[in-house]
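Reading through the structure tokens given below for one structure.
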Amino acid sequence: MTKFTQRQKNLGRAAVGAFAATLVAGGISVITAPTASAYGMYHGAIAVSPSTGSWGRSWDYDTASQANNEALSQCGYTDCEVLAQFTNGCGALAESSTAYGGGAASDLYSAESRAIGRSGGGYIVTWVCTSGHE
């Protein structure tokens, strides 16, 4: 395995985008895109209307306030409430026969597990992750 191939393999899921190789002054230079956390903090949210079941979600916003506002706007009803807020991670919304539950975590599986637990069982309605997480 060449160094180039080994470097590509080592980037794994944390890399954002492919990397490009270019010839520079007779040599090869490898340029990699930074991971999502290197760009800064990405915020997301999931909101739900308990009366209608309508939901909205957002991801990759600069502030938590912007993410919350977008999720509430997408939800579209006056009784919408944010049930999951997350930064550089994932959020999920679950529904059971009696309640909605939101969960947030650094990975999707944990966010979904928390949402199902907070809803008292049930199933995942929607989920979303910020860039570089899943």
* Can you tell me which residue among ARG118, ARG57 is in a strand (DSSP E or B) and among the charged types (D, E, K, R)? => ARG57
* **the stretch 94-114, subset closer than 15 Å to SER51 by Cβ and of a type outside the set (Ser, Thr, Tyr), residue surrounded by the fewest Cβ atoms within 10 Å (Cβ to Cβ)** => ALA99
* The listed residue being crowded, with 17+ Cβ neighbours inside 10 Å and part of a strand (DSSP E or B), out of ALA71, ALA84, ALA67 -> ALA84
* To do: Give the residue, chosen from GLY53, GLY117, that is surrounded by fewer than 16 Cβ atoms within 10 Å (Cβ to Cβ), on the phi > 0 side of the Ramachandran plot and at pLDDT 95 or above.
  => GLY53
* Any idea which of (1) touching a residue at least 40 places away in the same chain (Cβ under 8 Å); (2) closer than 19 Å to ALA64 by Cα; (3) buried (at least 19 other Cβ atoms within 10 Å of the Cβ) is the one SER131 doesn't satisfy? -> (3)
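The values are calculated or read from the model by the stated rules, or taken from the named source; none is laboratory data. All of these numbers come straight from a predicted model, not from anything done at the bench. Cβ coordinates were reconstructed from backbone atoms using ideal geometry, including for glycine residues, and neighbour counts include every protein chain displayed.
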